[in-house]
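What follows is one structure encoded as structure tokens, with my remarks underneath.
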Amino acid sequence: MIKQIIIGISFLLLFCTILHAGTPMTIQNGQWEITVDSKVRGIDMAMPPMTFKQCINKNDPIPQNNQSDQQCINSKVKTSGNTITWRFECNTPSGKSTGSGQATYEKNKMSGKTTMALEGMQIDNTMKGYRLGECE
């Protein structure tokens, strides 16, 4: 009897996980302001935070500061509930960078992180953002 209960609970948890993974991301479309704090591993020096604005929607939910001097390609984009994960590769004036990111949206707030390698350095970024209103 206990074995049947455990198997039943296992199937229920599996079913709930599958349902949750298949739910579309709910995100408030609009203009978002995102602040990024960066830390280079192995260097004990604070870098000034960087703030940017971006029009974010369910078709373009990855927070990124599109600078004209860099070209980035996102891949392996996955969503689970209100969280999106991705990998990226960028060509910048400083060289090629690669990494991964994760962002979670909750109503009109978001938080996330990226980790990237650039010219032998490992850089960890934390992001916090909030929705300002409609896209400009």
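Quick one: what Rg and Dmax do you get for region 26-133 from the alpha carbons, in Å?
For region 26-133, the Cα-based Rg and Dmax read 13.7, 39 Å.
Suppose the chain between Val77 and Lys58 were pulled fully straight at 0.36 nm per residue; how much longer would it get relative to their current alpha carbon spacing?
Taking 0.36 nm per residue and subtracting the Cα distance, the gain is 5.6 nm.
Quick one: which of 125-136, 38-49 comes out on top by average Cβ neighbours within 10 Å, and what's the full order, highest first?
Put in order of decreasing packing, that is 125-136, 38-49.
Label 7 Å along Cα→Cβ of Thr85; region 94-134 residues with amide nitrogen under 19 Å?
Answer for region 94-134: 98-106, 111-117, 123-127.
Taking 0.36 nm per residue of sequence separation and subtracting the Cα-Cα distance, how much length would be gained by fully extending the chain between Lys113 and Thr35, in nm to one decimal?
Extra length from Lys113 to Thr35 when fully extended: 27.0 nm.
FYI, it's all coordinate maths here, none of it is from the lab. Computed from a predicted structure; not experimentally measured. Reconstructed Cβ throughout: ideal geometry from the backbone, glycine too, with neighbour counts over all protein chains shown.
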